[in-house]
Structure formats: structure tokens, C-alpha cells
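Some notes on the structure that comes next.
Every number here is computed from the coordinates shown, using simple stated rules; none is lab data. Please read these numbers as outputs of a predicted model, since none were measured by experiment. Positions of Cβ are backbone-derived with ideal geometry, glycine not excepted, and every protein chain shown enters the neighbour counts.
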Amino acid sequence: MKKKKAYYVSDNEEYGIFVVAESVKHAKRLGWGNECLCNDEYTDLTAKWNKEAKVDDLEYGVVDDMKEGLRRGVFGFIDEGEDCDQCGVESFLTNVEGKCLCSDCEEKKENKK
Ligand SMILES: [Zn+2]
């Protein structure tokens, strides 16, 4: 069996989805038609392999949980629609040591160090 890889599939620079697949081709096929992508042309899709992200425990396909993608390092941030792991407020989230935190909680964490 081939190793599962994390791909960031996108149709532009600004937005993309997290897909678990075994190759670029596979990732694009799985991501194609996803409502998050407003692509008209299949050929416009790009799939970028994220070598750092470990996804062996996930199923092949699009991972709808954005926070899962953030925790695993597929996304650098989430700008809307998800809640902070710490305070539960919907906000701009970044990955802080495996947690999805808003800037307030991240600051608090930093101050504790
Ligand atoms: Zn927070």
C-alpha cells in the first residue's frame, strides 16, 4: 500500500482544501468538484504535498474539518468559521503547539512562558 500524504488542493492562491491522497493526481481527483473550490477548469487545480503533515490515520479524501488541517500543519491559519480550542470564540486561528488558538489565547500562552 502506498503511503498517505497530505495535500493542499487549491484553485487560486487564497483558498484551498485539505485532501488525503497518494499522489498529486489522486488529490486533484478527490478535491475536484468540492464546493469550497470555485474552479471552472480541472486544469486550474493545484495540489501541493505537505511533507511535514502526518496523515496515516486518516481516510483518503477531502478532510472537511479545517481545524484538523490546521493542527496537522496543512494550513497556516484559519481566517473564519471555526472556534478557538481554548475560549470557544470564533476567530482567526493559528496552530500553537498542536492547538487551534485565537490571538488572545496565543498571547496568554506566550505570557505564561
Ligand atoms: Zn481563544
- May I ask you to order 99-110, 80-91 by the average number of other C-beta atoms within 10 Å around their residues, highest value first? 99-110, 80-91
- Task: Give the residue from PHE92, GLY81, ALA21 lying farthest towards the positive end of the charge dipole for the chain; charges sit on Cβ (+1 for Lys and Arg, -1 for Asp and Glu) and the dipole is referred to the Cα centre.
- Result: ALA21
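Magnitude of the Cβ-charge dipole of the range 1-64, K/R +1 and D/E -1, about the Cα centre, nearest 20 debye? Kindly include the intermediate steps, with their values, before the conclusion.
Details: 10 positive and 13 negative charges, 112 e Å.
For this selection, approximately 540 debye.
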- Query: Pairing the Cα long axis of helix 103-112 with the longest principal axis of the chain, what angle in degrees results, from 0 to 90 and rounded to the nearest 10?
  - Reply: 50 degrees
- the chain, convex hull of Cα, quarter of hull surface, nm² -> 7.5 nm²
- Item | Rounded Å value of the spacing that divides the Cα centres of the range 29-54 and the range 68-93 | 20 Å
- Task: With viscosity set to 0.890 mPa s and temperature to 25 °C, compute the Stokes-Einstein D of the range 1-64, Rh being the Kirkwood radius across alpha carbon pairs; µm²/s, no decimals.
- Result: 213 µm²/s
- Query: For the chain, what is the charge dipole size about the Cα centre, in debye to the nearest 20, if Lys and Arg each add +1 at the Cβ and Asp and Glu each add -1 at the Cβ?
  - Reply: 880 debye
